[in-house]
1. Under a straight-distance cross-link criterion of Cα-Cα below 21 Å, which lysines are reachable from Lys236, leaving out those fewer than 8 residues away in the same chain?
2. Over all distinct alpha-carbon pairs, what is the Kirkwood Rh of the stretch 80-188 in angstrom?
3. Roughly speaking, what is the stretch gain from Ala199 to Leu70, that is 0.36 nm per residue apart minus the C-alpha to C-alpha distance, in nm to one decimal?
4. Counting only other residues whose beta carbon sits under 15 Å from that of Met148, what net charge do I get with K and R as +1, D and E as -1?
5. In the P(r) worked out for the stretch 168-325, what percent of Cα pairs fall beyond 27 Å?
6. Over the stretch 101-189, what percent of the accessible surface lies on carbon and sulfur atoms, probe 1.4 Å?
7. How much length, in nm to one decimal, is gained on full extension between Asp93 and Glu330, taken as 0.36 nm per residue of separation minus their Cα-Cα distance?
8. What figure in square angstrom, to the nearest 10, would you give for the accessible area of Arg154 with a 1.4 Å probe?
Amino acid sequence: MEPGLASRGALPAAPPLPRWLTRHSLSPCLKIRNHIYSMPSPTYKVPSVTKCQASLATNYIRETSEVVDLDWENLGFGLVETDFMYVAKCGPDGNFSKGEVLPFGPIAVSPSAGVLNYGQGLFEGLKAYRKTDGSILLFRPEENATRMITGAERMCMPAPTVEQFVDAVKQTVLANKRWVPPTGKGSLYIRPLLMGSGAVLGLAPAPEYTFMIFVSPVGNYFKEGLSPINLIVEDKFHRASPGGTGGVKTIGNYASVLKAQKIAKSKGYSDVLYLDAVHDKYLEEVSSCNIFVVKDNVISTPAIKGTILPGITRKSIIEVAQSKGFKVEERLVSVDELLNADEVFCTGTAVVVSPVGSITYLGKRVEYGNQGVGVVSQQLYKSLTSLQMGLVEDFMDWTVQLN
Ligand SMILES: *Cc1c(COP(=O)(O)O)cnc(C)c1O
């Protein structure tokens with residue numbers, strides 16, 4: 001499979017360039033770059049078209065055959081740009097083109113693109129791990145694909161099929177193989193995006209959509225083992241409301257939580273825990289993580305019903321916990337229960353399992369035992385990460401191996 005080369009010659013007209021590269025080099029381009037992470041990124045130089053074409057083939061062979069020279073020990077969660085990204089487009093017929101693996105770089109979009117004006121956009125997040133034998137494992141990529149389809153439906157967007165999505169993830173990871181950290185040093189974070197890239201003026205679904213994937217190597221979230229986070233229960237802002245979009249990974253949800261997160265961080269908290277917008281007493285979730293409470297070895301988490309994002313880590317942790325004999329309840333969980341829990345943890349692809357050391361609610365702080373790292377959280381973290389990293393037999397059949 002030669003992803004970077006597959007696109008060559010796709011256009012009959014001379015010069016035979018992918019449409020994206022042509023547009024990119026001719027139009028003034030708006031850099032859409034994901035700056036949610038704080039690591040400084042190297043300045044991007046727009047490659048000359050000919051140089052880029054010539055180097056694509058040779059670099060592809062060379063670059064995928066090694067592991068990149070990075071300071072793997074000090075990898076954080078900031079963006080590290082890699083060699084390639086994936087791009088596929090979809091016109092009014094609703095079908096996505098065969099995608100292309102292209103050099104990573106800025107994309108050109110119309111100022112009137114649906115995503116820029118009306119927020120028609122979704123993202124996904126998953127990880128690839130390198131096993132000790134050098135092979136690469138993806139964790140439940142079909143789950144991300146189906147979640148993108150559900151989200152796209154809510155946002156009036158067409159979505160790639162599960163097969164297209166998973167194939168695109170595989171192509172992108174393989175093209176950027178040398179950026180997958182060595183075993184134990186972290187993982188390759190994979191960020192699929194779906195957006196309304198076509199031009200609109202009046203409020204309407206965009207006439208064209210772009211599905212893209214970029215990747216970045218990331219370190220293990222907790223370098224020195226699990227370290228607990230301190231949460232504040234938000235009493236002014238809400239993340240989601242009934243009938244809204246809290247249940248899908250649409251981009252606007254994350255812009256809307258930045259303010260409360262910023263205030264919380266300025267006061268020394270790690271993140272914000274949101275309550276339901278109707279009663280203000282049931283737990284929803286943290287900005288981008290699901291929440292769990294443990295009492296007398298019973299694990300409880302808010303049930304998925306509209307305002308809660310159906311986390312793949314959440315679902316996996318529930319199944320792992322049940323397989324270990326824990327009782328797991330999906331239901332309404334109140335603030336009172338939270339404050340009286342034995343332990344609290346949250347889940348998400350980035351952190352996997354993050355123990356909660358303290359909760360502050362209306363100025364009162366509750367701390368959890370064992371320095372905040374509960375035994376249940378610790379056990380579940382170990383079980384799930386061992387599966388994801390291929391350290392134990394995949395009895396759940398959750399991993400997808402790349403050669
Ligand atoms: C992505 C996300 C999660 C976690 O989902 P995973 O699939 O486990 O990564 C939880 N809550 C919100 C709001 C999210 O956006």
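The values are calculated or read from the model by the stated rules, or taken from the named source; none is laboratory data. Everything numeric in this text was worked out from a predicted model, so none of it was measured. With ideal geometry, Cβ positions are generated from the backbone for all residues, glycine too; neighbour counts draw on all protein chains shown. Ligands, DNA and RNA are stripped out before the accessible areas are found, and what is left, the full protein with its side chains, is counted by its heavy atoms. Shrake-Rupley method; radii C 1.70, N 1.55, O 1.52, S 1.80 Å.
1. Lys259, Lys262, Lys265, Lys267, Lys281, Lys364
2. Details: mean 1/r = 0.0648 Å⁻¹.
Answer for the stretch 80-188: a Kirkwood hydrodynamic radius of 15.4 Å.
3. That pair, Ala199 and Leu70, stretches by 42.5 nm at full extension.
4. Cβ neighbours under 15 Å give a net charge of -1.
5. Values: 5055 of 12403 pairs.
Everything past 27 Å amounts to 41 percent.
6. Working: 1530 of 2840 Å².
C and S atoms contribute 54 percent here.
7. On the way: separation 237, 0.36 × 237 = 85.32 nm, distance 3.95 nm.
Extra length available between Asp93 and Glu330 comes to 81.4 nm.
8. 110 Å²
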